[in-house]
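Trainee: My questions all concern the structure below.
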Amino acid sequence: MKSGFTLVETALTLAVATLLLAIALPRFTALKQGVSVERAAQSISAAHRRARAVAILHGRPAVLSVAAQTLRITLAGAGQPHWSHPGPAQDGVTLAEPSRDLTFSPLGITTGLSNASFHLSLGSASRTVVVSRLGRVRILQTP
């Protein structure tokens, strides 16, 4: 007697594996999209904290530029960015607003029109990063 699997057993195993994959794949895709959007929201939040710290440390105003392609901190009077990081578009996440600049005073408080909301989305996953003038950053999961 030979050991091994028959053609029927192999076909049945492949059919069951295909069925399980078809059930799990959409959930995995949604999970991956949620992680990408959350990572983009956390990056904006971290850039906000970093810009505030840079302004306080250097004793000069710092400008945080939030755009789809890049997050950038530039000190007042400096030609080159002090810090730069890829924006939400790196992971395919859409930033609904146009580019926005937030200016931090040497005291760490944003000046000018500094209340901001950044809406991020990818597929069915979305988050809103809400920034208050006093420096509070909240990440809201939007339906």
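Coordinate-derived values only; no laboratory data. Source: prediction; values computed, not measured. Cβ sites come from the backbone with ideal geometry, for glycine too, and all protein chains shown count toward neighbours.
Trainee: Please give the net charge around P106, taking every other residue with its beta carbon less than 14 angstrom from that of P106, where Lys and Arg add +1 and Asp and Glu add -1.
Mentor: +2
Trainee: Checking a compactness column here: for the chain, what do you get for Rg(Cα) / (2.2 N^0.38 Å), N being the number of residues?
Mentor: Rg over 2.2 N^0.38 Å, computed on Cα atoms: 1.58.
Trainee: What number comes out for the charge environment of V93, summing +1 per Lys or Arg and -1 per Asp or Glu over other residues with Cβ under 10 Å away?
Mentor: So the environment of V93 carries a net charge of 0.
Trainee: Then there's this: For the chain, which longest stretch is free of loop sites, where a loop site is one of the trypsin sites (Lys or Arg not before Pro) that DSSP puts outside H, G, I, E and B and that has at most 15 other Cβ atoms within 10 Å?
Mentor: By the stated rule (loop sites, at most 15 other Cβ atoms within 10 Å), 3-132.
Trainee: Which Cα, out of A41, L102, A125, lies furthest along the positive dipole direction of region 7-141 (beta carbon charges, K/R +1, D/E -1)?
Mentor: Of the options given, the answer is L102.
Trainee: Follow-up question, since we're still on this one. Excluding L64 itself, calculate the net charge of residues whose Cβ lies under 12 Å from the Cβ of L64, where each Lys or Arg counts +1 and each Asp or Glu counts -1.
Mentor: Overall, the nearby charge balance is +4.
Trainee: If you don't mind, another one. Once you have the Cα-Cα distance between R39 and V16, take 0.36 nm times their residue separation minus that, and quote the gain in nm to one decimal.
Mentor: Fully extending the segment from R39 to V16 adds 4.8 nm.
Trainee: Suppose every K and R has +1 on its Cβ and every D and E has -1 on its Cβ; what is the size of the dipole of the chain about the Cα centre, in Debye to the nearest 20?
Mentor: Dipole about the Cα centre, nearest 20: 440 debye.
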